[in-house]
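Here the structure comes first, spelled out in structure tokens, and everything after it is commentary.
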Amino acid sequence: MIMGNRSKLIKVAKEKFIAFGSKHTTMDEIAELLGISKKTIYACFSSKEELIIESIKELINEFKIDTEPILKSDKTALNKVIEIYKVIFKYVEKFKPSFIFGLKKYYPNAYDAYKEITTDVVSTDIMNLLEEAKEQGEIRPDVDLKLFSKLYLSGLESRLFEADNLFDNYSKEILLEYMIINNLNSLKPAK
């Protein structure tokens, strides 16, 4: 299988895993969608978990491409954080709750890769923006940004899907407002 076909395989698998969960998506289904044999998939990937990990990397790469213009924009640091979370919500809204739970239960290495990559996004880009906002006076000087991040920004998808899929009952705009914007506003200095 040529390298270009490998990337097509990753893209198709990524969409299936997100929409139907990693456990409920079979290699046979992916092979059928691409018109190839399962054996051809295993010539490119040693296991389904390896394909899941590569699919997660592809998903994060797409996310970084989508957020790059935000990071380079002239918006205030806090507005950049909000815009990045709008993108995050756009992505997470597509997730079937079983996608995350299936990773955790059946593909622990893929789950670890997912957590590492998503934690890195919060601990680098978001934290850098929050630090910048604090330096610019958008956030009170007494705010512990690491604690704020742990409480409100990390592990967002588990809070969205824990009891039930909050996207079933609320719009992404309402969830963004209650989970991100209101909490960020609480950090601003009193006027």
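The values are calculated or read from the model by the stated rules, or taken from the named source; none is laboratory data. Keep in mind it's a predicted model, so treat the numbers as computed, not measured. A quick note on method: Cβ atoms are made from the backbone with ideal geometry, for glycine too, and the neighbour counts reach across all protein chains shown. Areas reflect the complete protein model, heavy atoms only, side chains present, ligands, DNA and RNA absent. Shrake-Rupley method; radii C 1.70, N 1.55, O 1.52, S 1.80 Å.
Of all residues in the stretch 80-103, none are of a type outside the set (A, V, I, L, M) and without any contact (Cβ under 8 Å) to a residue 12 or more places away in the chain. Scanning the stretch 74-106 for residues being outside any helix (DSSP H, G or I) and open to solvent by less than 30 Å² (accessible area, probe 1.4 Å) gives a total of 1. Close contacts from the stretch 14-37, counting a first residue that is within 15 Å of PHE101 (Cβ to Cβ) and open to solvent by less than 10 Å² (accessible area, probe 1.4 Å) and a second that is charged (D, E, K, R) and not in a helix (DSSP H, G or I), with Cβ to Cβ under 6 Å and a gap of 6+ residues or different chains, come to GLY21/LYS96.
Yes/no matrix, rows are residues, columns are (1) open to solvent by 40 Å² or more (accessible area, probe 1.4 Å); (2) among the hydrophobic types (A, V, I, L, M, F, W, C); (3) under 18 Å from LYS94 (Cβ atoms); (4) without any contact (Cβ under 8 Å) to a residue 24 or more places away in the chain:
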{"position": "GLY137", "(1), (2), (3), (4)": "yes, no, no, no"}
{"position": "PRO141", "(1), (2), (3), (4)": "yes, no, no, yes"}
{"position": "LEU145", "(1), (2), (3), (4)": "no, yes, no, yes"}
{"position": "LYS150", "(1), (2), (3), (4)": "yes, no, no, yes"}
{"position": "GLU157", "(1), (2), (3), (4)": "no, no, yes, no"}
{"position": "ASP168", "(1), (2), (3), (4)": "yes, no, yes, yes"}
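Counting only residues that are modelled with pLDDT under 90, assigned to a helix (DSSP H, G or I) and of a type in the set (Gly, Ala, Ser), the stretch 126-181 holds 2 of them.
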